[in-house]
Amino acid sequence: MPLFNINCLLFVFLALATLVLHSQIHQYEPIGPDIRNGNWKYHPAHGNHAEISGNILTIYSGDAKAGISVQHDLFPVKPGVMILVSAEVKCIHVIPGKQSWNKARILLAQNDGITDRWELPHTVVQLSGDKDWKTYRTAFPIASDTRSISLYAQLSQATGLMKIKNVQVFPVLENEVYPVVKKAVLTAWGFFFLLLAGSLLFTREQTIILRVLLLTALISILAGTTLPNDIKIALLDGISTLINAESEAFKAAIPWDLDKAGHVFFFFLLGLILRVMMANGSTFQIIAVILMLAAGTEITQLYIEGRTPLPSDFYIDAAGAAAGIALAAFLGFIGKKVVTAGK
C-alpha cells in the first residue's frame with residue numbers, strides 16, 4: 001500500500017493532538033452556577049408516569065394521545081446570555097407519533113410573559129427507538145424579550161420509556177479560540193482521510209468496479225460518522241419511515257437500530273473490498289487501515305456538532321470489518337480449492 005507509513009504517523013499525530021486540544025480548550029466556559037430551580041414537576045395521566053430515583057428521571061408513556069411532559073423551572077438570566085443544557089439520555093422502545101416532533105425530547109422553552117416562544121431554538125435532543133446512554137449538549141441564546149425559562153422532558157404523542165440523568169444547565173460564554181481550533185482540527189482530519197482514501201484507491205492495478213465500491217464504502221462511512229447530529233437523526237428517521245422500521249419482520253432481520261446496522265454494514269463492505277484488493281498484500285496493513293479509519297471517525301466527532309465518540313461504535317466497526325475480511329479470505333480459499341481440483 002502506497003504511503004502506509006506516512007498515513008500511520010499522521011494518524012498518531014492527529015489523534016494525540018486532537019485529544020490534547022479537546023481536553024485543554026473547551027467550547028464553552030461556565031460563568032455562573034447551575035440555574036435549575038427546585039425539582040421536576042408533572043401532572044399524572046392515565047397510562048403515563050414519571051419517577052425520580054437518585055439523579056435519574058424516568059418517564060413512561062403507554063398512551064400516545066395523552067403523552068407525558070415533565071417540567072423543571074430555571075432561575076432567570078439576563079437576555080443575551082448563552083445557556084448550555086447537558087444531560088445523559090437513554091430511550092427504550094420509543095415509538096414516535098405521526099409528526100416529526102412526536103418523540104422522546106428534552107426542550108428549553110423561553111417565555112415572553114404570555115406564551116412559550118417555540119419559534120426560537122429549543123431542542124436539546126429528540127429520539128426514538130432504543131438508544132443507550134449518551135450525553136447530549138446544546139447551547140441556547142436567551143432572547144431579549146424572555147421573561148422566564150423552563151426545561152421540559154417529554155414523550156410528545158409517543159410511547160415508550162426515557163431515562164435522564166446528570167442534567168446540568170449553566171450560563172456560559174463561548175471560548176473565542178475554540179472555533180479556530182475546531183476548523184484547524186477538522187481540516188487536518190479531512191486531509192488525512194483524503195490521503196488514506198487516495199492511498200487505498202491506487203493500490204496496484206485494480207478494476208474500476210472495485211475502486212467504485214471502495215469509494216462508495218469510504219464516502220458512506222465518512223458521511224455517516226461526521227454528519228451533525230440533527231441531520232443524522234432526520235436522515236435515520238426518514239429511512240426508518242420508508243422501510244417501516246417498527247415492523248416485527250424488520251426488527252427480526254436487524255436487531256440493532258439503523259445507526260449500528262450502518263456501522264456494521266459499511267465496515268463489513270470495506271473489510272471485504274480491501275481483502276480482495278490486497279489479496280497478496282499484508283493483512284497487518286489491512287487491519288491497520290481499518291482501525292485508523294474507525295478510530296479517526298470517532299475522534300473527529302469530538303468536534304462535530306451534537307456528536308459523541310463512543311468506544312462501542314469503534315468495536316462494532318472493527319467487528320464488521322473483521323467479518324468482511326474473514327468472508328473474503330474464506331471465498332478466496334474456496335476459489336483456490338476449486339481451481340486446484342479442476343487441474
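Mind ranking 117, 36 by accessible surface for me, highest first, 1.4 Å probe?
Solvent-accessible surface, decreasing: 36, 117.
Using only DSSP helix segments of four residues or longer, with each worth -39500 (n - 2.57), what per-residue ellipticity at 222 nm results for the chain after dividing by its residue count and rounding to 500?
Only helices count here, giving -15500 deg cm²/dmol.
Per residue and in Å³, how big is the convex hull formed by the alpha-carbon atoms of the chain?
Here the figure is 165 Å³ per residue.
Assign unit charges at the C-beta atoms only (+1 for Lys and Arg, -1 for Asp and Glu), then state the dipole size of segment 144-195 relative to its Cα centre in Debye, rounded to the nearest 20.
With Lys and Arg at +1 and Asp and Glu at -1, about 220 debye.
At a probe size of 1.4 Å, how large is the accessible area of residue 49, to the nearest 10 Å²?
Accessible surface of residue 49 is approximately 80 Å².
Under a 1.4 Å probe, what is the accessible area of the chain per residue, stated in Å²?
Dividing the accessible area of the chain by its residue count gives 52 Å².
With +1 on each Lys and Arg Cβ and -1 on each Asp and Glu Cβ, and nothing else charged, work out how big the dipole of the chain is about its Cα centre, in Debye to the nearest 20.
Roughly 880 debye for the chain.
With every protein chain kept in the model, how would you rank 137, 275 by accessible area, 1.4 Å probe, largest at the top?
Greatest to least solvent exposure: 137, 275.
What is the percent carbon and sulfur in the accessible area of the chain, measuring with a 1.4 Å probe over the protein chains and ignoring ligands?
65
Considering every pair of different Cα atoms, what Kirkwood radius, in Å, is found for segment 18-127?
About 16.6 Å, per the Kirkwood formula over Cα pairs.
Hey, what did the chain get for relative contact order, percent, Cα under 8 Å, at least 6 apart?
Reported relative contact order: 20 percent.
For labels at residue 37 and residue 55 in the simple 7 Å Cα→Cβ model, what's the distance in nm?
Calculated label separation equals 2.3 nm.
How large is the convex hull of the C-alpha atoms of segment 101-187 per residue, in Å³?
Once divided by residue count, the hull of segment 101-187 is 149 Å³.
Set the Förster distance to 41 Å, then compute FRET efficiency between residue 20 and residue 114 from the Cβ-Cβ distance, nearest 0.05.
It comes to 0.25.
The values are calculated or read from the model by the stated rules, or taken from the named source; none is laboratory data. Just so it is clear, the structure is predicted and the values come from calculations on it, not from any experiment. Backbone-built Cβ (ideal geometry, glycine too); neighbour counts: all protein chains shown. Protein only, heavy atoms only, side chains kept; ligands, DNA and RNA dropped before computing areas. Shrake-Rupley method; radii C 1.70, N 1.55, O 1.52, S 1.80 Å.
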